[in-house]
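Quick notes on the structure that follows.
Derivation of every value follows stated rules applied to the coordinates shown; laboratory data play no part. The shown structure was predicted, so the numbers you read here are calculated from the model rather than taken from an experiment. A quick note on method: Cβ atoms are made from the backbone with ideal geometry, for glycine too, and the neighbour counts reach across all protein chains shown.
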Amino acid sequence: MEPTPRSTVRRLAQLAVYDPGTIASVLDAGLVAHVGIHYQGAPVVIPMAYARVGDTLYVHGSTASRMMRALKTGDAVCVTVTLIDGIVLARSAFNMSMNYRAVVVHGHARLVTDPGERMTAFRAIMDHYVPGHWDEVRAPSDQELRQTLVTALPLDEASAKVSSGPPDDEEADLELRVWAGEIPIRTVAGTPTPDGNVQAGVQAPASVSHYSREFGVVEGPGI
Ligand SMILES: Cc1cc2nc3c(=O)[nH]c(=O)nc-3n(C[C@H](O)[C@H](O)[C@H](O)COP(=O)(O)OP(=O)(O)OC[C@H]3O[C@@H](n4cnc5c(N)ncnc54)[C@H](O)[C@@H]3O)c2cc1C
């Protein structure tokens, strides 16, 4: 997509990626959206669950949530999702950095009122975390639905920034007797643990028993 003045990466602009596929892949690999909005004149950034469906980013929350109430006004919002792939150690303090994939989305959210789209968003958010799990749990009741707001943010003003590879040392520093390289960072799923109330004979469903999640490694300039 064509960057706008505010979605144009300025520092290390060579790391910028505006291709919707790359933006989508970072959003799909992420776990937490940091949602920023002005509330009563002051900025606030709140971590939230989310999901991408096509070119829309959905978040949901309680009707009592200050963030959800702020989002539904349609005020300007900024959402970031960040994946840390590694800590990059250079031979100098100055050149230490991180390998990462990050997305920043600018725009205005709309309140989702259509029951079908709301259900799509609920399913997508759950399946973003545990694919297939929506079909394995009790569906929301009418009362639960009344207590939950859903907002949709279009992904038409977004940027990705992707940093990968070894440290970028000064030529003169390469002769220093200092270790340099990368400490890879990964988020991995542990062994699922049942709570104390799982009924006798109930096994973990496939979505849980086969669950494993590791953020993908950046290969080459793309994802
Ligand atoms: C990984 C993750 C996923 C989440 N997913 C959702 C979601 O999908 N939907 C949802 O509604 N909520 C989600 N939350 C909770 C969310 O971050 C807020 O705590 C929640 O929306 C409460 O809103 P509020 O209106 O009570 O607080 P607000 O009025 O929004 O916040 C009041 C103040 O409380 C403090 N505060 C609020 N939340 C946090 C926090 N998480 N950590 C530290 N301080 C905080 C801040 O100082 C803030 O200014 C998630 C949190 C995490 C960490």
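Take the residues in segment 13-52 that are among the β-branched types (V, I, T) and crowded, with 16+ Cβ neighbours inside 10 Å, then tell me which one is farthest from the ligand (Cβ to nearest atom). Looking at the filtered set, the residue picked out is V17. Quick check on this structure: which one of A76, A70, A93 is in contact with a strand residue (DSSP E or B) (Cβ under 9 Å, 6 or more places away or on another chain) and more than 12 Å from the ligand (Cβ to nearest atom)? After ruling out the rest, the residue left standing is A76. Looking only at segment 114-141, filter to residues that are of a type outside the set (V, I, T), crowded, with 17+ Cβ neighbours inside 10 Å and over 25 Å from G190 (Cα atoms); which one of those is nearest to the ligand (Cβ to nearest atom)? Here the residue is A121. For residues that are in a strand (DSSP E or B) and among the small types (G, A, S), scanning just segment 79-113, find the one that is surrounded by the most Cβ atoms within 10 Å (Cβ to Cβ). Taking the candidates together, the pick is G86.
Say whether the condition of being closer than 19 Å to H128 by Cβ and in contact with a strand residue (DSSP E or B) (Cβ under 7 Å, 6 or more places away or on another chain) is met by at least one residue in segment 16-23.
Yes, segment 16-23 contains at least one residue that is closer than 19 Å to H128 by Cβ and in contact with a strand residue (DSSP E or B) (Cβ under 7 Å, 6 or more places away or on another chain).
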